[in-house]
Amino acid sequence: MFDALKNLGSLPGLMAKAREMQDRMGAMQEELGRKTVSADAGGGPVEATCNGRRELVAVKIDKTRLDVNDTEMLEDLIVAAVHAAQEKAADLAKSEMQRVASEMGVPPGMMPG
């Protein structure tokens, strides 16, 4: 029982480390909001851009490369491009989280991902 109480002395250090981790993760989230990734669909007539938080920030449609009257195809291309951009953004966020965790000395696999 008393062995468990020995470790209470390190509690302030653990709390400080937790606050530092929380601050670093908050800063990383802000940074991810400024970074963007893009992906296209259908060979390039539709391109979607998301930020590192997987939020859609832009869609570009090259009318010269598709039939704008084929709305079903256009809709499918938009969905595919957005999905691809969101996947890239998720990979970016995961990579950034792993980098921050590594810098903080957190063992691999201990961070949610």
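Cross-link check: pairs LYS35/LYS60; LYS35/LYS94; LYS35/LYS88; LYS63/LYS88 evaluated at a Cα-Cα cut-off of 20 Å; pairs beyond the cut-off: LYS63/LYS88. Net charge near PRO45, counting Lys/Arg +1 and Asp/Glu -1 over other residues with Cβ under 13 Å of its Cβ? It works out to a net charge of -4. Among the GluC sites (Glu not before Pro) in the range 37-87, those located in a DSSP loop and surrounded by at most 15 other Cβ atoms within 10 Å of their own Cβ are GLU55. If you plug the beta carbon distance of GLU55 and SER10 into 1/(1 + (r/R0)^6) with R0 = 35 Å, you get a FRET efficiency near 0.35.
Placing a label point 7 Å from the Cα of MET21 along the Cα-to-Cβ direction, the residues of the range 78-100 whose backbone N falls under 16 Å from that point are 97-100.
Under 1.5 on a/c is rounded, so check that first for the range 53-105, then, if it is not, pick prolate when a/b is larger than b/c and oblate when it is not; a ≥ b ≥ c are the square roots of the alpha carbon gyration tensor eigenvalues. Verdict is prolate for the range 53-105.
Laboratory data are not the source of any read-out in this text; all were calculated from the coordinates shown. Remember, predicted model here, so these are calculated numbers, not experimental data. Cβ atoms come from the backbone with ideal geometry, glycine included; neighbour counts cover every protein chain shown.
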